[in-house]
Each structure stands twice: as C-alpha cells, then as structure tokens.
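For reference, the structure is listed below as structure tokens.
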C-alpha cells in the first residue's frame, strides 16, 4: 500500500527564515512535501527563499479574504492538505479555517494567551514582554481559527527574560526556539492529528536546569 504524502502550503509575509527552515526540514521527507509558498507581500524575502529552494510561490494581497473560489482553486491545484503560517500578517478568513479545520497552524513569538492579538508580532511582542517585566517568554504553536492567536494551543516552549534583555536579544532566543521546534511540531501534528487534538499536556523538561521548558502534544511511547 502506497504511503500517503501530505502537501503543505506555507503562508509568509516577511523575511521567511521559518519558511526556509520548514522547506529544508521537509526536503526528501518520506511523506511530507512543501509544495507552495503564499505571500501577501510582493517584496517579502520569503519569496526569494522559496525560489532558491525551488518551491513555487504566489503573491495574493489582502483581497484574498473575499476570493474564496480563487484561493480554493489554487490550493486544489497544488493538492494542499495542510497550511502553515510562518510570519503571516493577515487574518485568515472563516471560510478558509472551516475548509481546513484543524489543518492550519501558526507560530507566535510569545506564550499565549498573553501578548497575542492584532498588531502583536516581532519586536512589538518582545517590547511588550520586556515592558511588562515578564520573567519568561517563548513560542506558541497553535491551530488557527478566524481570530488572531485564539486557536487551540498545540505546543509551547519558554525561555527566560533577563533584566538586561533588549527586544533584539530576546528575539534571538525566540528565533532559536522557533528553529528548533517548529518543523518537528508541524511534522508530528500532520502525522498524528488525533494526538495533537486530544492529548495536550505539559511535559517535564529532561534537564531541570535547561533554559527552555516545553509543553506539547502527548505521543504514547
């Protein structure tokens, strides 16, 4: 019996470092392929990263929110099974979240539900975390619904925030967590969707002195 292959579309608005990391992670994967990158920004460097990795790309501006037929034709053309938001700035419309229920995930550079919502991205988030005097920050990987950062949480990992941290130094720690965890969590969520939805629990860190702690879907051993 032929093993099913899952086809991913990545949505990205900016530099595309997470998009490139995902593309490289799934290159030559035994059952997951990144086959399309979608951006709302014609100047996004993510488009150049996709071209370099030989992944087709399409620019669709904010009018896509009212272009259900056109968008679905595109996704059907590429036989998309799963959508990953990697620094995508536009709100996903309800018709798309309904068509791809539990098949769209996003990564957010803070520990939701705090520091989420419209306008909370990049240094805006890191500034808010530091200004609030938080002792920790981190990443959240979550399912996407038709509200900013409100979907069910799949995974979180945290890092400390020190008194002398700047938005730039905190961003570096957050990026390290993103690069380490995002591809693996996407992979597990695609391959084990029932576990991702039904077995969410907090994991103890293997090393109690580790700088990051993790919450994730539970996968029986």
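Read-outs throughout are calculated quantities, based only on the coordinates presented, and are distinct from any laboratory measurement. As the structure is a prediction and not an experimental result, all values here were calculated from the model. Methodologically, a virtual Cβ is constructed for each residue, glycine included, from the backbone with ideal geometry; neighbour enumeration extends over all protein chains shown.
How many times 2.2 N^0.38 Å is the alpha carbon radius of gyration of segment 1-108? If you can, show how the numbers build up before the last one.
Values: Rg = 13.1 Å, N = 108, 2.2 N^0.38 = 13.0 Å.
Cα-based Rg divided by the globular estimate yields 1.01.
Over the chain, what is the relative contact order in whole percent, taking alpha-carbon pairs under 8 Å and six or more residues apart?
Numbers: 389 pairs, mean separation 36.3, N = 221.
Computed value for the chain: 16 percent relative contact order.
Report, in degrees rounded to the nearest 10, the 0 to 90 angle that the Cα long axis of helix 122-131 makes with the longest principal axis of the chain. Roughly 20 degrees between the two axes. The order of the peptides 174-184, 103-113, 128-138, 68-78 by mean Cβ neighbours within 10 Å, most packed first, is 103-113, 174-184, 128-138, 68-78.
Of the beta bridges in the chain, as assigned by DSSP with both residues counted there, near 50 percent are antiparallel.
Based solely on its DSSP helices, what 222 nm [θ] is calculated for the chain when runs of n ≥ 4 H residues each add -39,500 (n - 2.57) and the sum is averaged over all residues, nearest 500 deg cm²/dmol? Kindly include the intermediate steps, with their values, before the conclusion.
Numbers: 7 runs with 75 residues, N = 221.
Taking each H run of at least 4 residues, the total per residue is -10000 deg cm²/dmol.
The Rg/Rh ratio for segment 95-146, using Cα coordinates for both the radius of gyration and the Kirkwood hydrodynamic radius, is 1.06. Gyration tensor over the Cα atoms of the chain: the corresponding equivalent ellipsoid has semi-axes (square roots of 5 times the eigenvalues, largest first) of 27, 21, 16 Å.
Given a Förster distance of 41 angstrom, what is the FRET efficiency for residue 5 paired with residue 164, based on the Cβ-Cβ distance and rounded to 0.05?
On the way: r = 47 Å, r/R0 = 1.16.
Once the sixth-power term is evaluated, E becomes 0.30.
With q set to 0.17 Å⁻¹, the log10 of I(q)/I(0) for segment 103-184, from the Debye formula over equal scatterers at the Cα positions, is -0.60.
Relative to one another, the C-alpha centroids of segment 153-173 and segment 1-49 are positioned 25 Å apart. So what's the angle, to the nearest 10 degrees on a 0 to 90 scale, between helix 167-191 and the longest Cα principal axis of the chain? The answer is roughly 50 degrees.
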